[in-house]
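Visitor: Let me begin by handing over the structure; questions about it come next.
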Amino acid sequence: MRTATPLRRALITVTATAAVVLTATGSAVAVPVSGTATAPRAAALSLSPLHSVVELAAERLATADLVAAAKWGTGSPIDDPAREQQVLDNVAAQAQQLGADPGEIRAIFRDQIEANKVVQRGLFQRWTDHPDQAPTTKPDLNVVRQKINQVTSALVEALADTSADRGAFTCRPELALAGLQVHHEDHLDALHSRALVRALVSVCR
């Protein structure tokens with residue numbers, strides 16, 4: 001029997017949980033009819049407040065591709081403790097201003113940072129094994145970081161806004177369902193799916 005990988009187990013869990021949630025809530029999947037503006041959409045029926053958290057986490061992960069491309073071939077390490085500490089300090093300060101728990105937000109963003117590095121390491125390995133797939137241009141890392149800062153700020157706000165949801169007993173199944181939705185919406189590959197699972201570890205209390 002084939003042993004399930006962590007990614008396979010995570011996707012199986014997300015899929016199974018989503019099916020259970022949809023069945024329990026009685027949400028019907030309606031297929032939009034071409035040219036019919038009033039046709040209901042399943043995603044609209046089942047979105048939870050946590051969907052924005054997952055969506056922003058995935059958007060932040062997408063920037064890892066640009067960071068990796070900027071660092072590739074330069075000798076710059078994937079780990080950047082000084083930058084990481086700056087990010088953690090900034091999100092903690094923003095959380096305090098929003099009335100959220102700074103320690104909790106800091107822990108969640110530690111996961112975001114580690115997930116980002118999962119993508120970078122995966123891409124570095126891919127490009128090492130397949131040089132023809134390596135990037136031929138280098139993004140400006142300072143410009144990329146401006147984008148990361150924007151998404152980071154929006155994610156802190158989303159986490160603050162969903163504090164009650166993240167402490168509810170429904171948090172994990174709703175987070176799993178949102179993860180499945182974003183996986184399909186963004187057409188995530190195996191690497192980014194695995195990283196997204198890593199990014200969401202501490203979202204629920």
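Read-outs throughout are calculated quantities, based only on the coordinates presented, and are distinct from any laboratory measurement. These figures come from a predicted structure and were not determined experimentally.
Visitor: Return the sequence-ordered ³J(HN,Hα) values of the range 47-53 in whole Hz as given by the Karplus equation 6.51 cos²θ - 1.76 cosθ + 1.60 applied to θ = phi - 60°, using x for Gly and Pro.
Guide: 5, 10, x, 6, 4, 5, 5
Visitor: Evaluated at 25 °C with a viscosity of 0.890 mPa s, what Stokes-Einstein diffusion coefficient in µm²/s does the range 47-205 have when Rh comes from the Kirkwood expression over alpha-carbon pairs?
Guide: 153 µm²/s
Visitor: How large is ³J(HN,Hα) for each residue in the range 140-152, as worked out from phi by the Karplus curve 6.51 cos²θ - 1.76 cosθ + 1.60 (θ = phi - 60°), to whole Hz, x for Gly and Pro?
Guide: 6, 4, 5, 5, 4, 5, 5, 5, 4, 4, 5, 5, 4
Visitor: Would you mind calculating the gained length between F124 and A164 on full extension (0.36 nm times residue separation, minus the Cα-Cα distance), in nm to one decimal?
Guide: Here the answer is 10.6 nm.
Visitor: What is the gain in length, in nm to one decimal, between D132 and D189 on full extension, counting 0.36 nm per residue of separation less the C-alpha to C-alpha distance?
Guide: This chain segment gains 18.6 nm when fully extended.
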